[in-house]
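Participant: Pasting a structure below so you can have a look.
Read-outs throughout are calculated quantities, based only on the coordinates presented, and are distinct from any laboratory measurement. The shown structure was predicted, so the numbers you read here are calculated from the model rather than taken from an experiment. Positions of Cβ are backbone-derived with ideal geometry, glycine not excepted, and every protein chain shown enters the neighbour counts.
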Number of protein chains: 2
Amino acid sequence: MPTETVPASSARREELLEKAYGYVLEHGLAGMSLRPLAAAVQSSPRVLLFLFESKDALVRTLLARARADEVRLLKQLEARSSGGLTRAAGEIWGWLVAAEHRGLLRLWLESYSRSLLDPAGPWSGFADATVQDWLALLAEAQPASERDTATGLQRRTLALALLRGALLDLLASGDEERTTGAVRAGLAQLDAANP
Amino acid sequence: MPTETVPASSARREELLEKAYGYVLEHGLAGMSLRPLAAAVQSSPRVLLFLFESKDALVRTLLARARADEVRLLKQLEARSSGGLTRAAGEIWGWLVAAEHRGLLRLWLESYSRSLLDPAGPWSGFADATVQDWLALLAEAQPASERDTATGLQRRTLALALLRGALLDLLASGDEERTTGAVRAGLAQLDAANP
DNA sequence: AGCGTACTGAAACGGTCGTGTCAGTACAAT
DNA sequence: ATTGTACTGACACGACCGTTTCAGTACGCT
């Protein structure tokens, strides 16, 4: 008798996951369906379901894969985030504007808005998780004396709002210069207001 | 022979449009389908198609209806937006946090992210249009001397980014106090940096 | 050689989708 | 009374959906 239980990890699974990840970065996962996806990754719906259990589980796996990309960024930034809040925010913005991250950021925004309406779906925790990741990173960049104060939280919230708002603008307009200018100005003001 | 051409406006059409609008404010329009919607508004798919021509046209009409809500806000704000950029931004934020606008704002975010991936769909122009509306309102609040300068545009972009980023936070967290605090602090800094 | 494991293909299932067909009903205007 | 207009119900169509069934094939291990 063949296996037909969840493999949870195998060479073929990893390979198809990477291909599928590339596909959703381009096409989003709102209207994703198995047959076109399977064709794009040179496989079949049958195999995708065999390796990933169900479509819902596949979506969850893809979102986890996306988060892995983001966690890798956080590790990188943590290493050199000793320059304070605004410095860390500036580094994050540098990552956000990089053209090769557009797909991931569109996917992030899509999951974010999706989770607001359907908290039960496979993408539910994803948006909150990334937000918490960013906030935690910003907190870590703050001096310990400020980190746990009310104004420290407010400054973190403000920096994050600035980054995310500018990101929305950037994704829609593609105007790197204008948005970067606004972020720089905002961060400079945030810096100047430091006690 | 019956009409079977587009009515484009009628009492019944208006009535169903309002009901359908209430429905999508709650459920979003990503996964909207005619049969559940028709049941919710006590009608039938047949009638919806008769009155709105096609599902795509219905979605466009619903988005136009949403925009009408927003335009009404802009008219209100314009009347008392003589207090400068930060004052106007503060007024906008006051509108954004109002609980009865959550549905509209979730719908806005959904259409926004949607239009990034599928510029051909019925929601394509919607997000850009609202952004332009907001930017124009902010521009109008600026003194004429600053309105057409590069830094004027930058300050507008910054204010808008702050509002939209804080809105993302608010929609996900519901934390009115923290987000409002961040917006107020950011606007105060923007005000202090005024030449 | 025999067997278990990992993967794959073809076809079908029941379901929902947007839309079309064909029939009606209610009612104001003539 | 007749006619035209506005709306509605019942139902079927073809397409696509996620998933299942049943059949394999390729290959390492003993």
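Participant: Just to verify a result, which residue in segment A:41-87, among those that are of a type in the set (Gly, Ala, Ser) and within 12 Å of DNA strand C (Cβ to nearest atom), is farthest from the other protein chains (Cβ to nearest Cβ)?
Facilitator: Filtering first and then ranking leaves A:Ser44.
Participant: Checking A:Ala39 against (1) within 12 Å of DNA strand D (Cβ to nearest atom); (2) more than 28 Å from A:Leu168 (Cβ to Cβ); (3) aliphatic (A, V, I, L, M); (4) surrounded by 13 or more Cβ atoms within 10 Å (Cβ to Cβ), which single condition isn't satisfied?
Facilitator: Among (1) within 12 Å of DNA strand D (Cβ to nearest atom); (2) more than 28 Å from A:Leu168 (Cβ to Cβ); (3) aliphatic (A, V, I, L, M); (4) surrounded by 13 or more Cβ atoms within 10 Å (Cβ to Cβ), A:Ala39 violates only (4).
Participant: Restricting attention to segment A:58-74, which residues are touching a residue at least 60 places away in the same chain (Cβ under 8 Å) and under 13 Å from A:Leu29 (Cβ atoms)?
Facilitator: Result: A:Val59, A:Arg60, A:Leu63, A:Ala66.
Participant: Right, something else. Please verify whether segment B:13-22 includes one or more residues that are surrounded by fewer than 15 Cβ atoms within 10 Å (Cβ to Cβ) and either among the polar types (S, T, N, Q) or over 16 Å from B:Gly103 (Cα atoms) (or both).
Facilitator: Yes, segment B:13-22 has at least one match.
Participant: Turning to a different aspect of this structure: Which pairs have Cβ atoms under 7 Å, sit 6 or more apart or on different chains, and link a residue in segment B:18-47 that is more than 19 Å from A:Gly121 (Cβ to Cβ) to one that is exposed (fewer than 15 other Cβ atoms within 10 Å of the Cβ) and of a type in the set (Ser, Thr, Tyr)?
Facilitator: Final answer for the pair search is B:Ala38/B:Ser44.
Participant: Which ones in segment B:163-182 are within 15 Å of B:Ile92 (Cβ to Cβ), in contact with a Ser or Thr (Cβ under 9 Å, 6 or more places away or on another chain) and more than 7 Å from chain A (Cβ to nearest Cβ)?
Facilitator: The answer is B:Leu167, B:Leu170.
Participant: Is one or more of the residues making up segment A:22-40 within 30 Å of A:Ser145 (Cβ to Cβ), away from DNA strand C (no atom under 16 Å from the Cβ) and more than 14 Å from chain B (Cβ to nearest Cβ)?
Facilitator: no
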